[in-house]
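Below is one structure, written out as C-alpha cells; comments come after it.
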Amino acid sequence: MPSFHSTRRSFLRQLGGAAVAPAILPLLPTAAAAGTGFPQRLLVVCHGQGTLVDELLLSDGPGPLELGPILAPLERHRERLLVVQDVDDATNSLDAPYNAHTRCRLHALTAQGMQWAASGDGVAPSSAGGPSIDQYVASRWAGRTPLRSLELGVKVSSLTGAQWLWRGVGQPVTPEADPDVALARLFGDFMGTDPAEVQRRRVRRDLVLDAVQRQFDRVTPSLASEDRQRLLVHQQAIEEVRASLAGAALGDACQVPDLDLGAGSHDDVSAAHARLLAMAFACDLTRVGTLAFGDINAFPWLDVDLPAGWHDAVHAGPDAAPGARQTLITTFAWFSAQLARVLDALDAVPEGSGTLLDNTLVLFANTFSDGSTHSHEGKTYVLAGGAPGLRMDRVVDAVGAPHGELLTSVLNAIGIHDDAFGDRDFCDRALPGVWS
Amino acid sequence: MSGVTHIAHGMRAVVALALAACGPPGGPVRESDTGAGVDSCGADVTFATPVRRLSQDEYARTVTSLTTVPVAPGVVLDDPEVHGFADTTAAAVGVLGADRYLRAAETVTASLGEAVPVCGADRSCLDEVLDELGTRAFRRPLEPGEREILLGLHEEVRAVDTDVAARDALVQALLQSPQFLYRVESAGSGGALDGYGLATRLAFFLWGEGPDAALLARASSGGLDAPEGVAATVDDMLEDPRARNGVADFVEQWMGTARVESLQRDAQRFPQWDAALASALREETRAFAGHVVFDGEGTLSALLTAPYTVTGPEGARIYGLERDEVGVLPLDPGERAGILTQPAALATGAHDNQTSITLRGLMVRERILCQPLPLPPDDLDITLPPLDDELSTRERFARHSQDPACSGCHTLMDPVGLGFEHFDPIGAWRDAESSGVLVDASGHLSGAPDASLDGHFYGVPELAQRLAASPSVSECFARNAVRFAWARDPGLHESCAVARAATALEDSGGDIRSLLGSIATDPAFTLRTETPR
C-alpha cells in the first residue's frame, strides 16, 4: 500500500487546526521534568456537584495549609498540595442562565464559551467552545507515547461524562468506565501467553485497520464539509487506536496492574482506575490522564443517609436538616479520598531518587464552588504532585481571577509556555502567586 | 451541525422564546407557531440530510441480522439525544468509539461459526460472500474498488495466518467501514434518492435496522423507482414483524421511557425496585406500543387511552399481580389509560423517593402538546421540599403557584402533574401518599394549544380522553413521528411536510400506520437535497 502514508498525511492536512497539527510534526525530543530525566505528566481529576467551600480548610485565607474535613483524606500528601482559592470560572457568564450542570462542565476545563447549533425552531448547546486543558496538552505532546491520552470515568455516560473533556469543537471525549476494558486496551497484547499469537493478532488488526482506512479514503472526500470533518475525526481516532495497539515494554516499574474489582461499586472502580492511570504513566503509554466522576447519586459504601439521592441533598444544602452538613462533608470528602488514592498510586512507583508523583502534576477540579448555589464563582482548585517551580504546601488566594489564568499556570508548570488559555477576553496571563 | 452559531444572539433568541412561553397572558407557544410564515405552506425547502451513523440499537440489530451473532446495544457507545430522539450526527467518533467498534467486530467474528463461509483460496466463494454479505453490509452492491480492498485484505491475512483468520478479518473490516457504520446517501435522478438509498431510509425508519436481501433486491429491480412501488413496499414493510421494533423505538424515544432503566429508587421505600423490574417496565411500554399499533385498534386515541397493557411475570408486580406469561393484561379503566399510565412513563416522571408533579406535567406539555418550557433560571432555589408526615404533595408544592418567580412556568406543569398523584414513583397505583394523606388527583390544564383541552379534570383517564380528542395532540404526535423518521428536528422551512403528516393522521381517523406510511412516502423523505461541498 504505497499510497497509505501520503493519504494519512493528506487527511491530517484536511483536518487542519492547531489541535491536530502536532501529529504531523516530527517527534519532538522528550520533555523531561527538570533535572529528573523522567517525563512530566498531567493528570486531571474532576467531579460534579461542587463542595462546601467553608469545610475545605481550617484557616481562612492564604498561609500555611491546614486541611479542613473535606480535604482531610489528603493529609498524608499535604506537603505536595497547593490549594488555590476564589477562582472564577468566568467564561460561564457567556452562557448563563443555561443549565448549570451542563454549562459548568463545558466551561471548567475549556475556559471558553459554548457552541450553539440550530435545533428545530430554536438553538441548543452543541459543543464546548474549544479543547479542554488535558486534551490541549495531549495535542501538544502527541506522538511521544503510544496513547495520546487516557480518560477513565466512574459512573460516566457518553452524555454526562463526555461533557468535561473536549478535543475541540464537536469532539467530546468519552471516558472509559470499565476498568477491565481499559486494562485490555492498555495491556491486552501482553496478557496472552503465546508471543507468536500476540504477534499474529497485531498483524491482523493492522491489516484490518488498513483496509478500513482505505474504505474511508474512498468515502470521505466526496462528502459535504461538515460530514467530511466528522469522518476525518473518526479516521484520526482509528489511527490512534492503531498506534496504541503497539503497547509498552514491560519491566522495572512497568507491570500489568492487578485489578481487584471487589463488588464493582463506584468505590471499587475508582480504586482500579487509580492503579491503571499510575501504570499507564509508569509504562509511558501516555503522559496525559483524566479521572472523571459522573452522575453519582448514591453512596451505599459510605455511612450516609440520602433518602432523596445525593443530588437533592446537595441542592438542599448543609443547613436543610440536622446531620445534612455531616452527610455532605462525608460525600465530598470521598472525592478527596479518590484524589488521595491516585496520589498514593503515583507515589508507589519509584522514578530515579523519587517517585512518579514527583513528575506528575495533578489538577483537582469541580463543576461548582458551593454545591447548593451551583455557582461558578469562588471556586477552589487543588494542585497536587510535582512540577518544576511550583511551591506546594500552601494556600494561594486568586481573588476572583478567571480560571483561564489558573489553567495557564498549569500549562506553564508542565513546560508549555503559552501566555494564556481559553477565551483571551477572559484571560491574558498566568495566575500570579503560584510560583516559588 | 449546520447553523452553528456562537452564543450571544442565538442564546437570547431561545431564552426570549422560552420565557414568553411561560408568562401570562398569551399562554405557551406551540412549536409550530414560533416562526413567521408558518401558515403559508408554500413550496418545500428541505434541509440537506447529514450523514448519520447507525445508532446503538440499529448497529446491534443490523450486525445480528448480518451475522446471526447476538449483539447487545451497549457494545458501542451511547448516542446523544435531541428532544429525546437519538441523534447520531452531533458528535464525531473519538478514540474510545473507534476502539469499541474494533473490539465489537472482533467479538462478533469470534462467534461467527459457519454463518459466513471460510473460502480460503476459492475465489468464486469469496465473490459470493462479497455479493451477499458485502451488499447487505454496505446496503448496495460493492464498487470494484471496494471489492479490491476487501479481497486484498483477505489475501494478505491468508499469507500470514489461517483461512478462518482471513474470513474473520474480512468481516471485521466490513463492520468497521464507513459504508456500514454511516448512512452515506448517493443521489439518483432528479434529486431523488436511488433505490438503495431509499430502501436504507425505509428500513431504518420502519424496522430500526438495515435493509435485508429481499428489500435490496426490490431496489435493484427498480421496485422503488416510482411512487406506487414505494407505497406498496411500505405497506409490505409495515406487515413485517420487524416493524414492531420501529414503532417501539419511536414510542419510547417520543416518551423518553428507555431512561427508566437507569433510574434509581429509594431502597427503603421501594425495595421491589431493581434492574430486572426496570428493564421489564421498559419492555412493557415497547410491547404495549407494538400491540396497539399492530394487534389492537392501531390509533393514536388507543395509544393514549387503552385500558390494558402488555406485560409478563416481572412487570406484573407493579400491578400487584402474579403472572406466568407475557401477554395482554386488562386494567381498570377508572385507573389506567394508555401510554401516560405506563409505569415506565410514570417512573421517569418521579424522583428517588417521591413523585414529581412538575416532571409529569412537563411530560404532557412537551411530549403530548409540543409546548416546550424553559429550564429554571440559574439563581432560583429549586430544592425539593422534604417529604412530610402531614402535608400532601399539593401542599408541599404550594410555593410553586404562590411565588411569582416560579408560578409563570409551574402553573403550566404542576396542576397537570397533580392529576397523576394516584401513581407512586415506580408507577404503581396508590390510594394514599406516603404521608398517609389520601390522594386527591384533581388536575387542571390551562394555556393548551386548543381551548377544548383547558379546564379541570380528575385523574389521568379523564385527561387522556380529552387529549385523545384534541387536534393539537394529533398534530404534535405527527411532528414527533417526523422527528423520528428524519432523525432530526424539522425546521420552520419544513413545516409543510409536518402539516402533510398531520393531515394524513387526521384523515385516517388517527391511524398510526397510515401516519408512518404517509411520512415514508412523502417527498421530504424520498428526496435528497445536495449540500455544497
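Structure data summary
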quantity: Which numbered condition B:THR411 fails, given (1) part of a loop (DSSP other than H, G, I, E, B); (2) modelled with pLDDT under 95; calculated: (1)
quantity: Answer from B:ASP511, B:ASP507 - the residue that is of a type outside the set (S, T, N, Q), at pLDDT 95 or above, touching a strand residue (DSSP E or B) at 6+ places or on another chain (Cβ under 8 Å) and outside the structural domain of B:LEU369 (by TED's automatic domain parsing); calculated: B:ASP511
quantity: Residues that are hydroxyl-bearing (Ser, Thr, Tyr) and either in contact with a Gly (Cβ under 6 Å, 6 or more places away or on another chain) or closer than 11 Å to B:ALA520 by Cβ (or both), drawn from region B:211-247; calculated: B:THR233
quantity: Answer residue from region A:298-313, given it is in a loop (DSSP other than H, G, I, E, B) and touching a Phe, Trp or Tyr at 6+ places or on another chain (Cβ under 9 Å) and is nearest to the other protein chains (Cβ to nearest Cβ) among those; calculated: A:ALA298
quantity: Residues of region B:47-76 classified as assigned to a loop (DSSP other than H, G, I, E, B) and either modelled with pLDDT of 75 or more or surrounded by fewer than 20 Cβ atoms within 10 Å (Cβ to Cβ) (or both), total; calculated: 12
quantity: Single condition B:ASP168 does not satisfy, out of (1) more than 9 Å from every other protein chain (Cβ to nearest Cβ); (2) closer than 17 Å to A:ARG205 by Cα; calculated: (1)
quantity: Any hit, region A:249-271, residues being within 14 Å of another protein chain (Cβ to nearest Cβ), in contact (Cβ under 8 Å) with a residue 60 or more places away in the chain and part of a loop (DSSP other than H, G, I, E, B); calculated: no
quantity: Verdict on A:ALA278 being free of Cβ contacts under 8 Å to residues at least 24 places away in the same chain and either closer than 30 Å to A:SER244 by Cβ or hydrophobic (A, V, I, L, M, F, W, C) (or both); calculated: no
quantity: Residue within region B:510-521 that is under 20 Å from B:VAL247 (Cβ atoms), within 14 Å of chain A (Cβ to nearest Cβ) and crowded, with 22+ Cβ neighbours inside 10 Å present; calculated: no
quantity: Which numbered condition A:PHE335 fails, given (1) surrounded by 16 or more Cβ atoms within 10 Å (Cβ to Cβ); (2) part of a strand (DSSP E or B); calculated: (2)
quantity: All helices (runs of 4 or more DSSP H) inside region B:264-374 with 2 or more residues being surrounded by fewer than 23 Cβ atoms within 10 Å (Cβ to Cβ) and not hydroxyl-bearing (Ser, Thr, Tyr); calculated: B:275-290, B:357-362
quantity: Pick from region A:269-292, criterion in contact with a helix residue (DSSP H, G or I) (Cβ under 8 Å, 6 or more places away or on another chain) and charged (D, E, K, R), ranking: surrounded by the fewest Cβ atoms within 10 Å (Cβ to Cβ); calculated: A:ARG275
quantity: Region A:392-413, residues that are part of a loop (DSSP other than H, G, I, E, B) and either surrounded by fewer than 18 Cβ atoms within 10 Å (Cβ to Cβ) or outside the structural domain of A:ARG287 (by TED's automatic domain parsing) (or both); calculated: A:ASP393
quantity: Check on A:ALA333, in the same structural domain as A:THR380 (by TED's automatic domain parsing), among the small types (Gly, Ala, Ser) and under 25 Å from A:ALA272 (Cα atoms); calculated: yes
quantity: Extreme residue, modelled with the highest pLDDT, among residues of region A:161-183 that are more than 12 Å from chain B (Cβ to nearest Cβ) and over 23 Å from A:ARG424 (Cβ atoms); calculated: A:PRO179
quantity: First in region A:194-205 and more than 10 Å from chain B (Cβ to nearest Cβ), second anywhere and loosely packed, with under 15 Cβ neighbours inside 10 Å, Cβ under 9 Å, 6 or more apart; calculated: A:VAL198/A:MET191; A:VAL198/A:GLY192; A:ARG202/A:ALA246
quantity: Filter result for the condition that a residue is surrounded by fewer than 21 Cβ atoms within 10 Å (Cβ to Cβ) and either away from every other protein chain (no Cβ under 14 Å) or within 20 Å of B:THR233 (Cα to Cα) (or both), over B:GLY152, B:GLY113, B:GLY195; calculated: B:GLY113
quantity: In region A:114-160, residue surrounded by the fewest Cβ atoms within 10 Å (Cβ to Cβ) [restricted to those that are part of a strand (DSSP E or B) and modelled with pLDDT under 80]; calculated: A:ALA124
quantity: Unmet criterion (only one of (1) within 14 Å of chain B (Cβ to nearest Cβ); (2) surrounded by fewer than 21 Cβ atoms within 10 Å (Cβ to Cβ); (3) modelled with pLDDT of 90 or more; (4) in contact with a helix residue (DSSP H, G or I) (Cβ under 8 Å, 6 or more places away or on another chain)) for A:ASP295; calculated: (3)
quantity: Boolean, A:THR380 is in a helix (DSSP H, G or I) and modelled with pLDDT of 90 or more; calculated: no
quantity: Region B:424-467, residues that are at pLDDT below 95, under 15 Å from B:MET363 (Cα atoms) and in a helix (DSSP H, G or I); calculated: none
quantity: B:ALA92 vs. criteria more than 8 Å from every other protein chain (Cβ to nearest Cβ) and small (Gly, Ala, Ser); calculated: no
quantity: Flag if B:THR135 is over 23 Å from A:ALA224 (Cβ atoms), within 14 Å of chain A (Cβ to nearest Cβ) and at pLDDT 95 or above; calculated: no
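The values are calculated or read from the model by the stated rules, or taken from the named source; none is laboratory data. What you see is a predicted model, and the numbers here were worked out from it, not measured in a lab. We place every Cβ from the backbone using ideal geometry, glycine too, and count neighbours over all the protein chains shown.
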